[in-house]
Structure formats: C-alpha cells, structure tokens
Amino acid sequence: MEKIITYTHKKSQRAKRMRLAVYCDGSVVITSPFGVQQSIIDKFVLDKKQWICDKIQFFKSVDNKNIRTFSHKDYLDNKSKAYDLVNERVRFYNKIYGFSFNKIYIKNQKTRWGSCSKKRNLNFNYKILFLNNKLQDYIIVHELCHLKEFNHSKKFWNLVQKSFLDNPEIRSQFRRYPLLLQ
C-alpha cells in the first residue's frame with residue numbers, strides 16, 4: 001500500500017529555493033518561493049518521500065519527554081544570557097583570528113545555529129545556550145571564519161581548523177541536535 005504524505009505548503013517572498021521540514025509532531029512543511037508550480041512541489045515531495053518517512057518514523061521512535069520544545073518566553077528569558085556567552089566567546093576566538101565585525105545579534109530561529117551577514121554582523125540562535133561548550137565554540141568559530149571567507153571553500157575550512165582539528169567529528173555531532181531547533 002502506497003503511503004500518502006500530507007504536508008503544509010507555505011509560500012515565502014524570502015525563499016530562494018524549496019525547503020522541506022519534518023517536525024517532531026510528524027508534521028511536514030514545504031516552503032517555496034512564490035510562482036513555483038504545484039507539479040514541481042509534488043515532484044519534490046515524491047523525490048524526498050523516503051527521507052520524509054524515515055524522519056517521521058524517527059520522531060515516532062523517540063520518547064517525546066526527551067524532546068524539548070521552546071516558546072517565545074524561553075527566547076525572552078534566555079536572550080541576554082545567550083548574548084553574554086556569545087559575546088565573551090567571540091572576543092576570545094577573535095584574538096586568534098583578528099577579524100572585524102559590526103554587531104552580534106541573538107535570534108530565535110528554527111533552522112540555523114548561526115549566520116554571518118554581508119554587513120559583517122554575526123547572528124546566533126539563543127538555543128546555543130543548550131549545547132555543550134565545544135559545540136557552542138564551534139558555531140562561534142564557524143561564523144567568525146565567514147567574515148574572511150563568505151563560503152564553505154577549502155580556505156574556509158582551513159580557517160576553522162585553526163581552532164578545531166576535529167572539525168568532521170564535530171560536524172557529525174550536529175546531526176544529533178536538530179531537535180533543539182524545534
């Protein structure tokens with residue numbers, strides 16, 4: 001019997017490409033730019049069907065008590081603590097790198113741990129507070145290195161390795177933490 005995938009489709013002016021998300025409650029959301037035809041969205045879902053089913057099955061197998069969900073109140077309660085942590089660690093690591101940047105922002109995001117803007121602002125998810133110290137520092141170094149290399153080229157990864165020789169191992173640890181972003 002063929003499994004039918006039910007999903008919510010959101011259109012976004014900011015979306016540059018289609019994005020697929022499966023949440024811990026089993027809901028599936030496709031976000032697309034305006035103007036994408038329904039047939040293309042349906043094919044996208046069909047092509048990702050096995051991945052979607054695997055994610056839904058994973059969430060069913062996880063004890064929901066171990067999945068922390070966050071509210072806007074959590075963000076407000078933790079934003080300044082996250083800023084203090086990030087600010088201190090950015091200053092520490094920037095003694096190694098010596099990059100100039102404008103501002104540090106703490107945000108409440110569902111899909112990113114951090115980002116670096118073309119305006120040289122460093123943005124971090126407040127949920128960085130709930131990671132272990134090594135992963136916190138890795139995110140901070142990753143975004144700092146984007147100030148010099150605004151890509152994921154070999155030069156970029158070489159910069160990251162100045163602080164994290166075990167970079168591939170750390171990157172694989174993040175596969176265990178997507179639940180924190182929910």
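Nothing in this text is a laboratory measurement; each read-out follows from the coordinates by a stated rule. Quick caveat: nothing in here was measured; it's all calculated off a predicted structure. Cβ atoms come from the backbone with ideal geometry, glycine included; neighbour counts cover every protein chain shown.
By how many nm would the segment from LEU76 to ILE41 grow when fully extended, if each residue of separation counts as 0.36 nm and the alpha-carbon distance is taken off?
Numbers: separation 35, 0.36 × 35 = 12.60 nm, distance 3.56 nm.
That works out to 9.0 nm of additional length.
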Of LEU165, TRP51, GLN38, farthest towards positive along the dipole that unit charges on Lys, Arg, Asp, Glu beta carbons give the chain: GLN38
Quick one: putting +1 on the C-beta of Lys and Arg, -1 on the C-beta of Asp and Glu, what dipole do you get for region 8-66 around its Cα centre, in Debye to the nearest 20? 280 debye
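For the pair ASN133 and SER153, what calculated FRET efficiency results from E = 1/(1 + (r/R0)^6), where r is the Cβ-Cβ distance and R0 = 35 Å, to the nearest 0.05? Mind dumping the intermediate values first?
On the way: r = 27 Å, r/R0 = 0.78.
The formula returns an efficiency of 0.80 here.
Run the numbers for ASN167 and ARG17: contour at 0.36 nm per residue of separation, minus the present Cα-Cα distance, in nm. Walk me through the intermediate numbers first.
On the way: separation 150, 0.36 × 150 = 54.00 nm, distance 2.78 nm.
Contour length minus the Cα-Cα distance gives 51.2 nm.
For GLN109 and LYS49, calculate 0.36 nm times their separation in residues minus their Cα-Cα distance, and state this gained length in nm to one decimal.
Details: separation 60, 0.36 × 60 = 21.60 nm, distance 2.54 nm.
Additional length available on full extension: 19.1 nm.
Report, in deg cm²/dmol and to the nearest 500, the calculated mean residue ellipticity at 222 nm for the chain, where each DSSP H run with n ≥ 4 adds -39500 (n - 2.57) and the sum is divided by the residue count.
Working: 6 runs with 78 residues, N = 182.
Per the formula, -13500 deg cm²/dmol.
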Of all DSSP beta bridges located in the chain, what percent are antiparallel, nearest 5? 45 percent
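Percent of Cα-Cα pairs more than 19 Å apart in the chain, please.
Summing the P(r) of the chain above 19 Å gives 65 percent of all pairs.
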Could you size up the charge dipole of region 72-181 around its Cα centre, putting +1 on the beta carbon of Lys and Arg and -1 on that of Asp and Glu, and report it in debye to the nearest 20? 340 debye
In whole Hz, what ³J(HN,Hα) sequence does region 119-133 give by Karplus (6.51, -1.76, 1.60; θ = phi - 60°), x for Gly and Pro? 7, 6, 9, 9, 10, 9, 6, 4, 6, 4, 4, 9, 9, 6, 4
